[in-house]
Amino acid sequence: MKRTFVTTAVFALVLAIASLAQSTPAASPASPAATAPAPATVAPSGNAKVGIIDIQQAIVGTNEGARDFEALQKKFEPKRNELAGQNTDIDNLKKQLNTQGDKMNEEARATLVKSIETKQKSLQRAAEDAQNDYQQQQSEIAQRILQKMAPVIDKYAKANGYGLLFDSSNPWPQGPLLWATAGVDLTKIVVDAYNAQSGVAPPAGASKPSTGASNTKPATAPTTGAKPTAAATKPQ
């Protein structure tokens with residue numbers, strides 16, 4: 001799938017972690033510690049570790065994410081079938097025009113051409129609306145999970161001396177990460193920790209991947225099959 005839903009959500013995650021990192025209660029003005037520098041929240045830079053997390057894989061790798069994205073797919077299945085049916089209808093009209101168009105009188109042919117054009121425009125609008133609706137709901141799921149995942153990441157990073165974490169969702173040059181060994185990938189650790197605290201059971205029939213987080217990406221929005229026209233935009 002496209003990673004568009006991650007972009008905004010990652011900002012939410014960064015802000016949430018930053019907020020947690022700065023949420024240590026301040027010392028009382030009467031306390032001597034009030035004038036002293038605040039203790040570091042992470043290990044010294046010389047000892048701090050660096051890790052990577054594939055945020056997108058982490059989202060869909062959680063039991064909650066797998067459950068909710070699967071439910072979203074099922075929710076849009078009727079719309080997918082509806083769009084596919086409209087596209088088939090247009091294809092049939094085009095075949096009729098190609099095979100019978102030269103035998104029709106001018107008025108009948110013009111009416112058929114107009115019908116095809118009208119149905120194509122209607123399908124394009126419906127497909128774009130479905131795509132936008134699907135992506136919005138997909139983003140809402142991701143935002144919700146990331147907000148709850150932020151303290152899980154924050155807690156693990158602090159407890160294990162991590163001074164820097166990279167999101168490896170987008171490969172370089174789109175993302176900041178050029179290369180990293182599998183040993184610094186914390187994705188599965190974060191997913192397991194999230195699942196443990198969420199209490200959400202794995203979806204029925206779900207198979208646990210052998211390495212890393214889930215290899216399943218959130219599926220794409222409803223599609224219509226073949227494009228109704230060269231200019232038509234089907235949901236991605």
> So how far apart, in nm, are the two label points at MET104 and ALA84 if each is 7 Å from Cα heading toward Cβ?
Replying inline: 2.8 nm
> Label ASP129 and ARG144 with points 7 Å out from Cα along Cα→Cβ: what is the distance between them in nm?
Replying inline: 2.4 nm
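Given R₀ = 25 Å, what would the calculated FRET efficiency be for LYS114 paired with GLU77, taking r from the Cβ atoms and rounding to 0.05? Kindly include the intermediate steps, with their values, before the conclusion.
Working: r = 32 Å, r/R0 = 1.26.
That pair, LYS114 with GLU77, gives E of 0.20.
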> FRET efficiency for THR181 and GLN96, Cβ-Cβ distance as r, R0 = 41 Å, nearest 0.05?
Replying inline: 0.10
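A short reminder: the numbers here are calculations on the coordinates, not readings from a lab. These numbers come from a predicted model, not from an experiment. We place every Cβ from the backbone using ideal geometry, glycine too, and count neighbours over all the protein chains shown.
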